[in-house]
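The values are calculated or read from the model by the stated rules, or taken from the named source; none is laboratory data. Just so it is clear, the structure is predicted and the values come from calculations on it, not from any experiment. Every residue, glycine among them, receives a Cβ derived from its backbone with ideal geometry; neighbour counts consider all protein chains shown.
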Amino acid sequence: MARLQRKKSPGTKKKKQDAASGKQAAAPAAPDGTTGAAPITKKKAYTVSRRPTAVVKSKTEGGGKVQNWWGLSMQFLREVKVELKKVAWPSRKQTMGSTVVVLVLVFIISAFLGVVDLGLSNLVRLVLH
């Protein structure tokens, strides 16, 4: 399988060529004497904030398992609702078109398998008689 190769920018090629020849490429100096390179800044790490899960109650407290089960079920349903809002639902026209394609393909494949089955059953019948 062939690997995809990413094109490198011309600046990257120059740096490698300069490194191979032993020369270092100096950044061009600005009129005020500083180099033209932009300051390096750290990127912020993104974290996902989640609601704390339901607290597991001990068996000694009344109804602990039922309350824990209920809380986890409600949390699950809330998360499902949020995820379903992110779904890109197809239009009615797209749904009908896809349904027609599926039904036509099912009909074609079932007809093909029926013909193959009929042919094989006749072949077996001829061989056995």
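Is there a residue being surrounded by 10 or more Cβ atoms within 10 Å (Cβ to Cβ) and either in contact (Cβ under 8 Å) with a residue 40 or more places away in the chain or over 35 Å from the mean Cα position of the chain (by Cα) (or both) anywhere in segment 83-96? No, the conditions are met nowhere in segment 83-96. Give me a count of the residues in segment 85-119 that are part of a helix (DSSP H, G or I) and modelled with pLDDT under 95. Of the residues in segment 85-119, 2 are part of a helix (DSSP H, G or I) and modelled with pLDDT under 95.
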